[in-house]
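This report concerns only the one structure given below.
The values are calculated or read from the model by the stated rules, or taken from the named source; none is laboratory data. Quick caveat, the model's predicted, so the values are computed rather than measured. Counting neighbours? That spans all protein chains shown, and the Cβs are built from the backbone with ideal geometry, glycine included.
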Amino acid sequence: MSAALRETASILHVDMDAFFVSVELLDRPELRGLPVAAAHDTSRSVVSSASYEARKFGVRSAMPIARARQLCPQIVFVTPVFEKYRVASRAVMGIFREFTPLVEPLSIDEAFLDVAGSVGLFGQPIEIARQIKERVFQETRLPLSVGLAGTKFVAKLASQRAKPEGILEIPPARTLEFLQPLPIKAMWGVGAATERALKTRAIHTVGDLAREPLASLRQIVGNASAERLHDLANGRDARDVETTRVEKSIGHEETFAVDVADTGELERELLRLSTRTSERLRDAGLEARTIAIKVRWDTFETVTRSRTLQEPTNATQRVYRTARELFAALAPGGRPPRPVRLIGVRAEQLIPAGSEGQALWDDDEQWRALDSAVDEVRGKFGAAGLTSARLLGGRGDVVDHRSLQDPG
């Protein structure tokens, strides 16, 4: 059903509560009720997930663990085991699909559900939400929160306000009543810079944003953002629940345990990241028009650089050489200006492989043949079956060894 025509709150946003910590507590029940965070206990690690007891002290996801300890000296860190989270996520998503085939996973721990076609089997949407919450807890012992609305945007806002372990329904007829008092930072796409720009024009709430003339809004945030924000603030969101996930970008990044200034070591890491990114492109049947790198210096300053290619690619060597050239432009004289804390490679502007045809002269032809052979060996013997000679020495000391795994 089109979201624009809904008369009932039949779009659900289901969000697991403190998911990583909740999964860990299944194996560590003695930690229930204590401030707990899932994080590698190293100086450069960040919090992956925090229990609600820890959040009372201000501990949040993505916070450095040193800061988490400052805020909550008694916090308990548990080492995250991401395979456990993937297994739990598959079980939860499977339960969702027993209520409706229209499930759109957003990440490992949240999804949109369209239950308009399930009312005849399971009752009204609010009853379906209750049944899902009960079934998930019965079968996995994991808590969740649910937001129900006539649009995806409002359903997600509702689930955030239902936490922890709650259900909040916003009937479509009361959408504006719900939206208007909210602060503008609650809007999807409003970051710190946009929030400051809007507040300089006395736009503090979603209601203020909804009442602002579109022409004025365009001057503040630009044409595309103005129209999207104005629509959302007025309760207009025609996006349907999409069961087919379209990758917008694929990439990997690495945070070093110790800052790295050696160009050779950094280029090897670029090769490792490019290799994994390219493998995922080929596994997904995609090619990239644009290759980007991300570099964070020891000062925490972060820079990104990108290049759009003449021909889209998923060839490992093309991705790597492009990434290396982008990094070289940041390192005049062959040495980076500062030690590097984090480095990443990302493939963007993705299209189906081969959808643009093939040029008369394919510069990547030999590389593609090599990749095909490597992929065949990888398919038989796993990721460690074959690798570049430059990578035989293994990885250096890094913060998170899951960084080369597929997300989710």
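Name the residues in the stretch 54-108 that are of a type in the set (A, V, I, L, M) and without any contact (Cβ under 8 Å) to a residue 40 or more places away in the chain, would you?
Ala54, Val59, Ala62, Met63, Ile65, Ala66, Ala68, Leu71, Val87, Met93, Leu106
Being out of contact with any helix residue (DSSP H, G or I) (no Cβ under 6 Å at 6 or more places or on another chain) and loosely packed, with under 15 Cβ neighbours inside 10 Å narrows it down to one residue among Glu30, Glu53, Glu24; which is it?
Testing whether each residue is out of contact with any helix residue (DSSP H, G or I) (no Cβ under 6 Å at 6 or more places or on another chain) and loosely packed, with under 15 Cβ neighbours inside 10 Å leaves just Glu30.
Quick check: is even one residue across the stretch 151-165 under 16 Å from Ile11 (Cα atoms), among the β-branched types (Val, Ile, Thr) and under 25 Å from the mean Cα position of the chain (by Cα)?
Scanning the stretch 151-165, I find at least one residue that is under 16 Å from Ile11 (Cα atoms), among the β-branched types (Val, Ile, Thr) and under 25 Å from the mean Cα position of the chain (by Cα), so the answer is yes.
Only one of Ala226, Ala215, Ala197 is more than 30 Å from Arg6 (Cβ to Cβ) and either small (Gly, Ala, Ser) or buried (at least 17 other Cβ atoms within 10 Å of the Cβ) (or both). Can you tell me which?
Ala197
(1) closer than 30 Å to Gly117 by Cα; (2) in contact with a strand residue (DSSP E or B) (Cβ under 8 Å, 6 or more places away or on another chain): which one isn't true of His204, the others all being true?
(1)
Quick check: anything in the stretch 117-127 in contact (Cβ under 8 Å) with a residue 24 or more places away in the chain and of a type in the set (Gly, Ala, Ser)?
Yes, the stretch 117-127 contains at least one residue that is in contact (Cβ under 8 Å) with a residue 24 or more places away in the chain and of a type in the set (Gly, Ala, Ser).
Only one residue in Gln74, Gln131 is polar (S, T, N, Q) and either crowded, with 20+ Cβ neighbours inside 10 Å or assigned by the TED database to the domain that holds Tyr52 (or both), so which one is that?
Result of the check over Gln74, Gln131: Gln74.
Taking the criterion of being among the hydroxyl-bearing types (Ser, Thr, Tyr), more than 28 Å from Pro64 (Cα to Cα) and outside any helix (DSSP H, G or I), would at least one residue in the stretch 309-317 satisfy it?
Yes, the stretch 309-317 contains at least one residue that is among the hydroxyl-bearing types (Ser, Thr, Tyr), more than 28 Å from Pro64 (Cα to Cα) and outside any helix (DSSP H, G or I).
Select from the stretch 1-47 the residues that are within 30 Å of Val115 (Cβ to Cβ) and either touching a His at 6+ places or on another chain (Cβ under 8 Å) or not aliphatic (A, V, I, L, M) (or both) and list them in ascending order.
Across the stretch 1-47, the qualifying residues are Ser2, Arg6, Glu7, Thr8, Ser10, His13, Asp15, Asp17, Phe19, Phe20, Ser22.
Among the candidates Glu311, Glu254, Glu265, Glu325, which residue alone is buried (at least 22 other Cβ atoms within 10 Å of the Cβ), of a type in the set (Asp, Glu) and touching a residue at least 12 places away in the same chain (Cβ under 8 Å)?
Criteria check complete, one pass: Glu254.
Within the stretch 96-112, identify whether any single residue is at pLDDT 95 or above, small (Gly, Ala, Ser) and in contact with a strand residue (DSSP E or B) (Cβ under 9 Å, 6 or more places away or on another chain), and answer yes or no.
There is at least one residue in the stretch 96-112 that is at pLDDT 95 or above, small (Gly, Ala, Ser) and in contact with a strand residue (DSSP E or B) (Cβ under 9 Å, 6 or more places away or on another chain).
Given the condition buried (at least 20 other Cβ atoms within 10 Å of the Cβ), of a type in the set (A, V, I, L, M) and more than 30 Å from Asp114 (Cβ to Cβ), answer yes or no: does some residue in the stretch 80-96 qualify?
No, the stretch 80-96 contains no residue that is buried (at least 20 other Cβ atoms within 10 Å of the Cβ), of a type in the set (A, V, I, L, M) and more than 30 Å from Asp114 (Cβ to Cβ).
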